[in-house]
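The structure appears below as structure tokens.
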Amino acid sequence: MIRRIIDKVFGRKKSRPTQSGAQILPVSAHGICRDQLDDCALKTCETLAQAGFKGYVVGGAVRDLLLGKTPKDFDVATDATPEQVRKLFRRSRIIGRRFQIVHVMCGRVTIEVTTFRANGEKETEDEDDRPTDEHGRLLSDNVFGSMGDDAARRDFTINALYYDPAREEVHDYFGGVADCKARTLRMIGIPETRYREDPVRMLRAARLAAKLDFHIDEATRRPVASLAPLLANIPRARIFDEALKLLLSGHALRGVHQLRAEGLHHGMLPLLDTILDDPSGERFITAALKNTDARIQSDRPSSPAFLFGALLWPQVQKRWHELEATGEKPQPALFTAMDEVLDAQRGQLAIPRRYDGMMKEIWALQPRFEQRGGQRPYRLLEHPRFRAAYDFMLLRAEAGEVPAELGEWWTRFQDADEDERASMLVTDSSPKPRRRRKRRKPGEGTAEALPA
Ligand code: ATP
Ligand code: MG
């Protein structure tokens, strides 16, 4: 407490918090120049400094710049309170979720500004009262602190780096610059305690190691195997957010394998076991994740509904065929399978319902790619979800689930002119619209819907 008061009174006057234990590295040691920052981040730090506050770029952005990557967003840490920050920036608003942060907006860019917070090692009497659950999970995380406190409550050494644009210096509290150079992911503090405080850090370890292609330090890795079950206590919406970050990181394939290797998928994507143990499921998911990674890496959009639709598809497909084998007709069987799989996943992964519509449309359109005669292909081309469903079908072709020729046909058909399209039509062998009186015998007419 006393230290915090001293920091508060004297902190702003000192340019270097030497007593905090941070190493202050000049540009020659880290190579990050101010002009590599986003203009909005730079402006935010400058405005804070002009008002007498500290303002540092922190977290993933500093780490990515050190690694020569372009940061996807910039976070700023400050000793100004959220209310003080908000008053400094005309276009800003306070966002309160687990804790209050301020969004500062310039044009289309948003900078997240966070007030230094405490809750790393217990340093003072009052912090001993921090509320935890019976597994050691922190239930509240919203105590303001010094910059040193703020560094200690972060997860990995490489994330506790603060860049001061005015002086082009990096404040490194836990050897993060050296760990970055050695490509090592290392937890700050005692790993087991930190995972108990927030089990999601285990998922972050797997995600960041995959994203950065870092190796996880042995002491950081070791507790994960026994603590993985703690993920069951985390609200599922948070797990879903983390799953989305992993899948949209541009390194989803590596991330998914990393998760499974650490035994973390039970708490995050339990369906991976069933998918990856089945060779055709694995082929499909590998194709889907590679494709997503390539899209993200070349800045093309990738929709969560498409991704989760792909992850769930092996189950939908399996259930669909099981139902067909019991005599159900292909289309109703597919719809029943879709609903069953979506219901089952709600207990596990909690994919928000807002994605259901698009996932179902993508799935439901799959049998229609088989129908290449008459007006049907033209109608399919007009469907608002054609593009996503077509991309999905190409993945199935890549995984050997439908003939490669089918994918090639649709690729050509889209770009062909009128005459060529007409010449491409295949004699319609698909089931005609069902007539009421004529009942099909069990098992009949199922094969053409989806060749195995
Ligand atoms: P990415 O580049 O994927 O955004 P990131 O490290 O920036 O990675 P964020 O989720 O944006 O991840 O978090 C920003 C910073 O907040 C992190 O760098 C880390 O310092 C801190 N942080 C985030 N989540 C936790 C956590 N669960 N425990 C401790 N610190 C965390
Ligand atoms: Mg980030």
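Laid out as a table, the results:
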{"quantity": "Gain upon complete extension [Thr411, Glu83; 0.36 nm per residue less C-alpha separation]", "calculated": "112.6 nm"}
{"quantity": "Euclidean distance of C-alpha centroids, the range 272-296 and the range 132-197, integer Å", "calculated": "33 Å"}
{"quantity": "Spin-label model distance (nm) - Glu134 vs Asp278, 7 Å beyond Cα toward Cβ", "calculated": "3.7 nm"}
{"quantity": "log10 of Debye I(q)/I(0), alpha-carbon scatterers only, for the range 303-424 at 0.21 Å⁻¹", "calculated": "-1.24"}
{"quantity": "Cysteines not pairable in the chain (beta carbon separation under 4.7 Å absent)", "calculated": "Cys33, Cys45, Cys180"}
{"quantity": "Surface per residue (accessible, 1.4 Å probe) for the range 44-96, Å²", "calculated": "46 Å²"}
{"quantity": "Cα gyration tensor, the range 186-261 - rounded (a/c under 1.5), prolate or oblate", "calculated": "oblate"}
{"quantity": "Per-residue [θ]222 nm for the chain (sum of -39500 (n - 2.57) over DSSP H runs n ≥ 4, rounded to 500)", "calculated": "-14000 deg cm²/dmol"}
{"quantity": "Protein accessible area in the range 191-277, 1.4 Å probe - carbon and sulfur %", "calculated": "51 percent"}
{"quantity": "FRET efficiency, 1/(1 + (r/R0)^6) with R0 51 Å, evaluated for Met105 and Ala219 via beta carbons", "calculated": "0.80"}
{"quantity": "Cα-based convex hull volume of the chain per residue, rounded to whole Å³", "calculated": "170 Å³"}
{"quantity": "Accessible area expressed per residue, the range 191-277, with surrounding protein chains retained (probe 1.4 Å, Å²)", "calculated": "37 Å²"}
{"quantity": "Stretch gain in nm, segment Thr193-Thr70, where the contour uses 0.36 nm per residue and the Cα spacing is subtracted", "calculated": "41.1 nm"}
{"quantity": "C-alpha long axis of helix 330-346 to longest principal axis of the chain, angle in °", "calculated": "20 degrees"}
{"quantity": "Kirkwood-based Rg to Rh ratio, the range 156-198, C-alpha trace", "calculated": "1.07"}
{"quantity": "Surface accessible to a 1.4 Å probe, per residue, for the residues of the range 303-424, Å²", "calculated": "44 Å²"}
{"quantity": "Additional length obtainable on full extension of the chain from Arg167 to Arg90, 0.36 nm per residue less Cα span", "calculated": "25.1 nm"}
{"quantity": "Test item: Cα-centred dipole of the range 303-424, Lys/Arg +1 and Asp/Glu -1 on Cβ, debye", "calculated": "440 debye"}
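The values are calculated or read from the model by the stated rules, or taken from the named source; none is laboratory data. Fair warning: this is a prediction, and the values are worked out from it, not measured in the lab. Using ideal geometry, Cβ is built from the backbone for each residue, glycine included, and neighbour counts are taken over all protein chains shown. In case anyone asks, the SASA skips ligands and DNA or RNA and just uses the protein heavy atoms, side chains included. Shrake-Rupley method; radii C 1.70, N 1.55, O 1.52, S 1.80 Å.
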